[in-house]
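**Student:** Pasting in a structure now, in structure tokens, and then I'll have a few things to ask.
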Amino acid sequence: MTAETNKGPVLGMRHVQALLIFLNITTVFIGRLNVGVSVVAMTNAETTNPNFPEYDWTEAEKSYILSSFFWGYILTQFLGGYLCKRFGVKSVMFWGVFGSGVCSALTPLFIGFGEWQAYCGIRVLMGLAQGVVFPCIHQHLAKWSPPEERNRLGALSHTGIECGNVSAMFLSGMIAKSSLGWPGISYVSAGVAFFWCTLWFVFAANHPTESRFIGENELIYIESSLKHNESYHATIIPIPWKAIWTSAPFLALLIVRCAENWGLSTLQAEIPSYMNGVLDMDMKSNAFFSALPFLAMWCMSYIYLVVADVLLGKNSVSLTILRKTYNSIAFWIPAATLVGIGFLDKEQKNFAIALMTISVGVNSAQTIGSVLNTIDLSKNHASILMGIVNTAANFVPIVTPLVVGWIVKENSDRSQWQIVFIIASVIFFVGNCIYLVFGTAETQPWDAEDYLQTQNPELANRPPMQALSFPINENSKEKINSKSH
């Protein structure tokens, strides 16, 4: 009887939190990625709805618009990690997504009086708002996920990335051709963001003891499994900066995430240009071919999840072995296919599409492989780790096009593109090798709540900093303590 109670309900508030994160990621990715379709609709109205203004922007101006989101996005990653530790995930995530929704709603107005410069400006603001989201997500998963369910809940919630990719492509195209025209893309994105904010405001909680809807059994199950002291939720744990920056597993994670973004940005952004220049294909004009790799990625993410659940459930492999195996699949198969794509010619277009779909599809294993590793290393500092990793990793998509532009002088020269793909393949391969050698899914010593006090005994006499959070219910404390004993 006790054993059954300890497992918690099959479906509970921890699953609601995972669903909210899934919807959150889908929402922010729709707002982030709809710009590609919007720009096409605004500069070529005949292909969508000609009843709305059309703009004559140069290719350079379009590129500024497409990249401007990341100018703001990289600036608030680290800040998001700090803010959610200081003020709680619920508030920070709410205002981040709400701010992104406001930017979407104002986009048509800004474009009307400031054209592409104003469009860039509002996209930078959207990037600043969304930058706090992913550090919050990892902190939220760390607080709500029992260790044995962490991989499952984390992977399920992160499938919102693929859902957001596919939704942005299909929905944006449909809206642009409808009576709403290209302004409707922004308005619908804003509506989705505000709807999510409502769900989040009602059902989200910074941690299980704060939730109004959680049952007693689930509360005891989650809190006892996380094994922290009674004042944990009311205390801000000091950040062991030196230990983090000198941690080999964390530095390996930092390197492998940068390598992933280099390879993925090559797959997502550069291969379509290669197919257009060398293979004489215009995949951007074909919604199906553009979305096909991400449909494959979305489907494969669930296959990977089921297999991982079975392997971990039967104790067939350790979490560390699982992460490294999945990451090797996600990195090394695309490394090989990237080289293969570079040797195809115009007579092998279908094979090129197949290789691109395989590359992006299998790469979804990187979510289980390394994305969730921040929570493995430190559940207490997951938001800080994610802030650092995402800041560094999101510089890469800014640098990659510059490197490609320096190498590729003639878009139709296959030999120049082969150099680009070989560089990406080497980075994929080496990055994963470093992760295989130094990476781990074991919790690090510096995750301990009293780590800095044990390293510096004089800190032990200082009173803990109190966070802005709800107090822990006394009845819940008694239940958790009695269960633990």
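**Student:** Tell me, which residue of the range 136-191 that is among the basic types (Lys, Arg) and under 21 Å from the mean Cα position of the chain (by Cα) is most open to solvent (accessible area, probe 1.4 Å)?
**Tutor:** Residues of the range 136-191 among the basic types (Lys, Arg): 143, 150, 152, 177.
Pick out the ones that are also under 21 Å from the mean Cα position of the chain (by Cα) and you get 143, 150, 152.
Working: LYS143: 43, ARG150: 33, ARG152: 80 Å².
The selected residue is ARG152.
**Student:** Identify all residues within the range 126-165 that are β-branched (Val, Ile, Thr) and within 20 Å of PHE70 (Cα to Cα); write none if there are none. Outline the logic, then answer.
**Tutor:** Quick first cut of the range 126-165, residues β-branched (Val, Ile, Thr) only: 132-133, 137, 159, 161.
If the condition is that a residue be β-branched (Val, Ile, Thr) and within 20 Å of PHE70 (Cα to Cα), then VAL132, VAL133, ILE137, ILE161 are the ones that fit.
**Student:** Do we have any residue at all in the range 158-172 that's in the same structural domain as LEU19 (by the TED database), of a type in the set (Gly, Ala, Ser), farther than 18 Å from ILE25 by Cα and in a helix (DSSP H, G or I)?
**Tutor:** Scanning the range 158-172, I find no residue that is in the same structural domain as LEU19 (by the TED database), of a type in the set (Gly, Ala, Ser), farther than 18 Å from ILE25 by Cα and in a helix (DSSP H, G or I), so the answer is no.
**Student:** Turning to a different aspect of this structure: Within the range 442-463, how many residues turn out to be within 13 Å of THR374 (Cβ to Cβ) and either at pLDDT 90 or above or among the β-branched types (Val, Ile, Thr) (or both)?
**Tutor:** Qualifying residue count for the region: 2.
**Student:** Now, a different point. Please verify whether PHE428 is part of a helix (DSSP H, G or I), surrounded by 15 or more Cβ atoms within 10 Å (Cβ to Cβ) and over 22 Å from the mean Cα position of the chain (by Cα), treating the condition exactly as stated.
**Tutor:** Criteria not met by PHE428.
**Student:** In the set MET13, MET42, MET1, which member is modelled with pLDDT under 85, farther than 29 Å from SER68 by Cα and not polar (S, T, N, Q)? Write out each step before concluding.
**Tutor:** Details: MET13 fails: modelled with pLDDT under 85; MET42 fails: farther than 29 Å from SER68 by Cα.
The unique qualifying residue is MET1.
**Student:** If you don't mind, another one. Every residue in the range 60-91 that is closer than 30 Å to ALA41 by Cβ, assigned to a helix (DSSP H, G or I) and open to solvent by 20 Å² or more (accessible area, probe 1.4 Å), please.
**Tutor:** Matches in the range 60-91: ALA60, GLU61, LYS62, SER63, TYR64, LEU66, SER67, PHE70, TRP71.
**Student:** Now for a different question. Name the pairs whose Cβ atoms lie under 6 Å apart, with the first residue in the range 110-122 and outside the structural domain of SER186 (by the TED database), the second in a helix (DSSP H, G or I), and 6 or more positions between them or separate chains?
**Tutor:** none
**Student:** Related question: Search the range 369-388 for residues that are within 12 Å of ARG257 (Cβ to Cβ) and pair each with any residue that is in a loop (DSSP other than H, G, I, E, B) when their beta-carbon atoms are under 8 Å apart and the residues are at least 6 apart or on different chains.
**Tutor:** Hits for this filter: SER370/GLY439; ASN373/GLY439; ASN373/ALA441; LEU385/SER378.
The values are calculated or read from the model by the stated rules, or taken from the named source; none is laboratory data. Please read these numbers as outputs of a predicted model, since none were measured by experiment. Every residue, glycine among them, receives a Cβ derived from its backbone with ideal geometry; neighbour counts consider all protein chains shown. For the accessible areas, the whole protein counts, side chains as well, though only heavy atoms, and no ligand, DNA or RNA atoms are used. Shrake-Rupley method; radii C 1.70, N 1.55, O 1.52, S 1.80 Å.
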